[in-house]
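Engineer: I have a structure here, written as structure tokens, and I will follow up with some questions on it.
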Amino acid sequence: MKLEIIQGDITKMEVDVIVNAANCTLLGGGGVDGAIHRAAGKELLAECMTLGGCRTGEAKMTRGYKLPAKWIIHTPGPRWRGGKHGEPELLRNSYANSLRLAAEAGCRTIAFPSISTGVYRFPLADAEKISVETILNFPENTSLETAYMVCFDPVTLQAYEDAHMTLKSFE
Ligand code: APR
């Protein structure tokens, strides 16, 4: 699967599915979660209320409603607690479970935000490696063709571009 690192607003992405950095209630919040709920409209919250929440690192799928994207995958990433509480594994699970759900739904294109590196304070330098590695190591024999990492600011963009360059140089 191809990985494109771009700067932008994930709610504008014209892809099959966008991923939401949610919390375990799946009932909305601030950051990208708030932006996605605002852009998708209130029907999204209505569907989320039927899902019964979601455990950290797991993922659940809803329709995209008013978004250009057909679907939304909601995954609560880990809150950073120093790195000794399974945070890296949980973040890896968030990316892997989102990719798995997207592939099962036959999606060809998927857009991610930088999960957990905002309110949840996961260090960017660690999160970028985990996400780029998980995306690039996802099995090739699925419907997924292109993944976009949609960075909201230049600092995040630079961090992901560096990680992507480093990993590609090992290919
Ligand atoms: N498009 C793309 N990325 C965005 C957007 C957007 N419209 N808005 C924010 N971001 C970026 C942030 O700049 C950050 O790099 O998404 C990344 C993740 O930050 P948060 O949204 O704070 O998510 P996270 O750190 O995973 O914390 C999740 O915050 O919003 C609440 O309900 C959410 O409780 C949950 C927690």
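Engineer: It is to be established whether one or more residues within region 90-113 are open to solvent by 10 Å² or more (accessible area, probe 1.4 Å), aliphatic (A, V, I, L, M), closer than 23 Å to residue 48 by Cβ and without any contact (Cβ under 8 Å) to a residue 40 or more places away in the chain.
Structural biologist: Yes: region 90-113 contains one or more residues that are open to solvent by 10 Å² or more (accessible area, probe 1.4 Å), aliphatic (A, V, I, L, M), closer than 23 Å to residue 48 by Cβ and without any contact (Cβ under 8 Å) to a residue 40 or more places away in the chain.
Engineer: Here is a follow-up. Report yes if some residue within region 33-46 is under 13 Å from the mean Cα position of the chain (by Cα) and open to solvent by 30 Å² or more (accessible area, probe 1.4 Å); otherwise report no.
Structural biologist: no
Engineer: A further question on this structure: Can we say residue 12 is open to solvent by 70 Å² or more (accessible area, probe 1.4 Å) and closer than 23 Å to residue 108 by Cα?
Structural biologist: Answer is yes for this residue.
Engineer: Further question on the same structure: Mind checking which residues of region 66-76 are out of contact with any strand residue (DSSP E or B) (no Cβ under 8 Å at 6 or more places or on another chain) and more than 14 Å from the ligand (Cβ to nearest atom)?
Structural biologist: If the condition is that a residue be out of contact with any strand residue (DSSP E or B) (no Cβ under 8 Å at 6 or more places or on another chain) and more than 14 Å from the ligand (Cβ to nearest atom), then 66 is the only one that fits.
Engineer: Let me ask you something else. Residues being among the hydrophobic types (A, V, I, L, M, F, W, C) and either part of a helix (DSSP H, G or I) or surrounded by fewer than 20 Cβ atoms within 10 Å (Cβ to Cβ) (or both): count how many of those fall in region 72-88.
Structural biologist: 1
Engineer: A further question follows. I need the full set of residues from region 144-163 which are surrounded by 14 or more Cβ atoms within 10 Å (Cβ to Cβ) and either under 18 Å from residue 100 (Cα atoms) or away from the ligand (no atom under 16 Å from the Cβ) (or both), in order please.
Structural biologist: Scanning region 144-163 gives 144, 146, 147, 148, 149.
Engineer: Which residue, of 160, 65, is of a type in the set (Phe, Trp, Tyr), in contact (Cβ under 8 Å) with a residue 24 or more places away in the chain, within 20 Å of residue 9 (Cα to Cα) and part of a loop (DSSP other than H, G, I, E, B)?
Structural biologist: That would be 65, the only listed residue that is of a type in the set (Phe, Trp, Tyr), in contact (Cβ under 8 Å) with a residue 24 or more places away in the chain, within 20 Å of residue 9 (Cα to Cα) and part of a loop (DSSP other than H, G, I, E, B).
Engineer: Is it the case that residue 121 is at positive phi, open to solvent by 10 Å² or more (accessible area, probe 1.4 Å) and within 14 Å of the ligand (Cβ to nearest atom)?
Structural biologist: yes
The values are calculated or read from the model by the stated rules, or taken from the named source; none is laboratory data. On a predicted model such as this, the values are computed, not experimentally measured, just so you know. We place every Cβ from the backbone using ideal geometry, glycine too, and count neighbours over all the protein chains shown. Note: accessible area is taken over every heavy atom of the protein model, side chains too, but ligands, DNA and RNA are not part of it. Shrake-Rupley method; radii C 1.70, N 1.55, O 1.52, S 1.80 Å.
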